[in-house]
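Structure first, commentary second.
The values are calculated or read from the model by the stated rules, or taken from the named source; none is laboratory data. If you're wondering where the values come from, they're calculated on a predicted model, not measured in any experiment. In this analysis, Cβ positions are derived from the backbone assuming ideal geometry, glycine residues included, and neighbour counts consider all displayed protein chains.
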Amino acid sequence: MKRSLCLIPILGLMAMLLMPLIPVKAETNLQMNWDGGGSISTVFNTTDGFMLFNTAGNHIWGSLNATDYDDNPYSYGVDTFEAKLRSFIENGGETEFYVSRLDSHTSMYGPADEESYTYLSTSDQGHVIFRVKTDYARLRSSNYGFQSDNHFWASGDFYIEHSLINGLNYATLTASGSGAIRIDHMSDDTFGSEFKFGFGCGCYTNSDAEASGSGVFEIFAHGENSLYGDGWSAGGPAEYHFGIIYSDGFDAEGYWVGGS
């Protein structure tokens with residue numbers, strides 16, 4: 001009985017000595033909120049992901065949350081990085097949002113050469129609500145559970161650009177005009193050399209645009225090996241262009257495009 005009683009404090013001491021040796025994961029988080037006039041610019045640069053954000057205007061407000069999760073999934077040496085933006089403009093202004101993937105488990109998933117870029121300017125009102133995430137395998141923008149539609153919106157005289165780049169393969173959306181425009185862009189996805197623009201990530205496809213007034217709406221894409229869309233496909237190298245010139249509004253459903 002005495003020996004058993006003596007073992008209790010010894011085991012307790014061993015546990016106390018071992019606990020500090022367990023590695024502790026520590027997220028690095030950037031949280032910004034703003035409301036006023038003027039301009040804001042910030043960069044978040046880790047060894048795994050990079051983010052650039054700028055906004056300026058007479059009245060701008062919103063929030064930005066960016067996180068380096070320090071999680072190193074599967075011990076591949078690459079952490080998960082995520083940036084979530086809600087940026088609003090009133091009485092004229094602009095917003096720019098750029099995220100790139102800096103590191104990859106290259107032996108399985110190839111080089112880290114993916115980028116997401118969004119720019120919006122308006123003489124009146126507008127917003128960008130978008131989320132981008134990178135990890136050891138890909139860059140993707142799953143907005144399911146964050147913002148289900150109306151990701152880019154502007155009124156007045158406006159210009160909107162959104163691009164997804166995967167090495168030599170890419171897709172770009174541009175919209176310019178006068179009036180108002182709403183663009184649903186639920187998701188972008190990449191894997192290896194493949195890209196999915198306006199769909200993917202296991203989300204339901206929601207890539208639609210609706211506008212009033214006059215302007216131009218265009219989709220450009222390039223695939224070194226292939227391109228495909230709703231009811232069509234082409235071997236690579238291939239170029240794709242879809243354009244609408246409108247003077248009394250338009251409604252485009254399912255503008256998504258993919259390729260590799």
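Exactly one condition in (1) over 24 Å from Leu139 (Cα atoms); (2) part of a loop (DSSP other than H, G, I, E, B); (3) of a type in the set (Gly, Ala, Ser) is not met by Gly200; state its number.
Among (1) over 24 Å from Leu139 (Cα atoms); (2) part of a loop (DSSP other than H, G, I, E, B); (3) of a type in the set (Gly, Ala, Ser), Gly200 violates only (1).
In the stretch 243-260, what residues are part of a strand (DSSP E or B) and more than 22 Å from Tyr204 (Cα to Cα)?
The answer is Gly243, Ile244, Ile245, Tyr246, Phe250.
Name the pairs whose Cβ atoms lie under 7 Å apart, with the first residue in the stretch 72-96 and among the polar types (S, T, N, Q), the second assigned to a loop (DSSP other than H, G, I, E, B) and surrounded by fewer than 18 Cβ atoms within 10 Å (Cβ to Cβ), and 6 or more positions between them or separate chains?
Thr80/Asp71
Would you be able to tell me the number of residues in the stretch 238-260 that are surrounded by 14 or more Cβ atoms within 10 Å (Cβ to Cβ) and either farther than 20 Å from Phe199 by Cβ or of a type in the set (A, V, I, L, M) (or both)?
7
Scan the stretch 233-240 and give yes if some residue there is at pLDDT 95 or above and closer than 23 Å to Phe130 by Cα, otherwise no.
no
Of the residues that sit in the stretch 162-220 and are of a type in the set (D, E, K, R) and touching a residue at least 40 places away in the same chain (Cβ under 8 Å), which one is surrounded by the most Cβ atoms within 10 Å (Cβ to Cβ)?
Asp188
Could you tell me which of the residues Tyr76, Tyr69, Tyr117 is surrounded by 17 or more Cβ atoms within 10 Å (Cβ to Cβ) and under 19 Å from Lys196 (Cα atoms)?
Step by step, each of Tyr76, Tyr69, Tyr117 is checked, and only Tyr117 is surrounded by 17 or more Cβ atoms within 10 Å (Cβ to Cβ) and under 19 Å from Lys196 (Cα atoms).
More than 18 Å from the chain's Cα centre (by Cα) and among the hydrophobic types (A, V, I, L, M, F, W, C): is that true of Phe217 in this structure?
So Phe217 fits the description; yes.
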